[in-house]
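These notes concern the structure reproduced below.
The values are calculated or read from the model by the stated rules, or taken from the named source; none is laboratory data. Just so we're clear, the structure is a prediction, and the values are computed from it rather than from any experiment. With ideal geometry, Cβ positions are generated from the backbone for all residues, glycine too; neighbour counts draw on all protein chains shown.
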Amino acid sequence: FSFYAIFFVSESTTLEDLEKSNAPLLDYLANAGCLRPMRSIRDRDLLVQDIVIFQVIHRVQGPFQRYSVFCEGLKTLGVLDQIRRHPDSFRPLFCYEPNTLTANQVDDLFSIRLSPEGSNKRAAEEMVVTFWRDYLQDAEEGPSKLEKILAFTTGASVVPPIGFSPTPSVQFIHKGDDGFSTSMFPLANTCVNCINLPLHVSYQLFKEKFDFALGNTYGFGRA
């Protein structure tokens, strides 16, 4: 619902204009209990009054009633009184505030999907996992770089209050994988929160290619 709709209704000067401005609101008016036949331009002011009363008063009555019930529940064992006395102590329980990311937090967010133990692929992947964790540690020292890594993989620069779904994951780009065989840069699919890491043999090369990917990728989807 847009308040411009009320404006268009209130500015109607003929019955025809009133009916035209009223037409897009029929479902809203029916749900709000404001639906009335427009027989003359004088019905305009009554309609505007009904809409305003619903928006300002009736629409918020439900939330206020639920809030009152919520407060009554908090009075049990004096919880509400303690919240009022120590609001700063209780704020983290009721208000989500994103924290500055650390390398360990970002590492814990990702599940690492390794090849079967003992395979040639597994050995190469385990080396790159150390590069990945070293890169996160280095990124912790730079301004907002961890947030860029998270955004590169998931599209979000902060961890949502309810976490990510699906869980962010790390996979690896092996030679011969469909579409990935020639990539020297990390690839991300933000739709499934997955980052694919190339199998470089030195940390310096890994870091160089990752820095380039972060600095030259914009938008949402597949990076």
key: Which numbered condition Asp108 fails, given (1) in the same structural domain as Ala139 (by TED's automatic domain parsing); (2) of a type in the set (Asp, Glu); (3) more than 33 Å from the chain's Cα centre (by Cα)   = (3)
ask   = When you look at Val52, is it β-branched (Val, Ile, Thr) and either assigned by TED's automatic domain parsing to the domain that holds Thr130 or surrounded by 14 or more Cβ atoms within 10 Å (Cβ to Cβ) (or both), yes or no?
value = yes
key: Those helices (runs of 4 or more DSSP H) lying entirely in the range 1-79 with at least 1 residues charged (D, E, K, R) and out of contact with any Lys or Arg (no Cβ under 9 Å at 6 or more places or on another chain)   = 15-22, 26-32, 43-53, 59-74
message = Only one of Val201, Val128, Val158 is of a type in the set (A, V, I, L, M, F, W, C), out of contact with any Gly (no Cβ under 9 Å at 6 or more places or on another chain) and either crowded, with 19+ Cβ neighbours inside 10 Å or at pLDDT 95 or above (or both). Can you tell me which?
response = Val128
inquiry  = Looking for something of a type in the set (A, V, I, L, M, F, W, C), at negative phi and modelled with pLDDT under 85 - is there at least one such residue anywhere in the range 64-74?
reply    = yes
